[in-house]
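Working notes for the structure below.
The values are calculated or read from the model by the stated rules, or taken from the named source; none is laboratory data. Worth saying up front: this structure is predicted, and the values here are computed from it rather than measured. Neighbour counts are summed over all protein chains in view; Cβ atoms, including those assigned to glycine, are modelled from backbone coordinates with ideal geometry. When the accessible area is computed, the model is the full protein with side chains, heavy atoms only, and any ligands, DNA or RNA have been set aside. Shrake-Rupley method; radii C 1.70, N 1.55, O 1.52, S 1.80 Å.
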Amino acid sequence: MAIAGRDAAILTVSVAAELAGMHPQTVRQYDRMGLVPAKRTRGGGRRYSLADVDKLVTIQELSQNEGINLVGISRIFALQRENDQLRQQNSRLRKRAKNLQERVDQRKMLDQRVFAADVDGDVTLFARAAELRERLAGAGGRSAGWAGTASGDSGARDNAHSGEDTATDRGRDIIFPRTAEIVIWRPR
């Protein structure tokens with residue numbers, strides 16, 4: 001057995017009018033005015049849904065309790081539809097803006113990612129260029145004019161006996177010879 005939803009047009013004019021507390025001729029008039037358009041059967045009979053009955057009740061309350069004429073009620077319904085459309089559009093645009101911002105953030109993260117290679121060809125990935133610059137500055141490498149922010153790692157220490165500088169990278173030592181060329185590559 002299928003259950004009809006609130007938007008299922010299954011009520012006749014007389015039933016919809018009775019549920020809304022008005023005369024069937026009034027419901028027909030609202031249909032002709034476009035306030036509560038009826039769905040039509042194959043034979044041309046009017047059919048209404050429970051959502052339409054809610055709309056009829058709202059019209060009744062606005063006209064009798066608030067003193068708003070039918071033209072005003074029609075304008076209120078049009079503004080409500082426009083407001084609903086704008087809310088949906090706003091929601092779609094917010095989602096799109098969020099997705100675009102995530103893509104921009106991801107691209108920035110990729111643009112800031114750098115690789116460093118020592119003379120032996122060992123490559124180390126750094127999340128940020130500033131992290132590499134800080135390591136090189138602390139290790140005495142070529143870092144003139146570079147500034148970095150704290151990376152949270154243990155820092156660098158001097159390895160005087162070999163003429164190399166060593167930095168710790170997540171539990172392993174990376175050796176930067178003092179004479180090494182530093183090449184920074186940014187993926188595009």
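Things to note:
- Ranked by the mean number of other Cβ atoms within 10 Å per residue, highest first, peptides 35-43, 87-95, 13-21 order as 13-21, 35-43, 87-95.
- Under Karplus coefficients 6.51, -1.76 and 1.60, residue-wise ³J(HN,Hα) of region 14-26 in Hz, glycine/proline x: 5, 5, 4, 5, 5, 5, 7, x, 9, 7, x, 5, 5
- By the rule of a C-alpha distance below 16 Å, with chain neighbours fewer than 8 residues away ignored, the lysines paired with Lys39 are Lys55.
- Surface accessible to a 1.4 Å probe, Glu82 within the full protein complex, Å²: 90 Å²
- Sites Arg87 and Ala137, calculated FRET efficiency, Cβ-Cβ separation with R0 45 Å, nearest 0.05: 0.30
- Taken along the Cα-to-beta-carbon direction at a fixed 7 Å, the label points for Val104 and Glu61 span 4.3 nm.
- With distances taken between every two different alpha-carbon atoms, region 1-123 has a Kirkwood hydrodynamic radius of 18.8 Å.
- Across Arg46, Arg32, the residue with the most accessible area heads the list, and the full order at a 1.4 Å probe is Arg32, Arg46.
- The length gained by stretching the chain between Arg28 and Asp7 to full extension, at 0.36 nm per residue less their Cα-Cα distance, is 5.7 nm.
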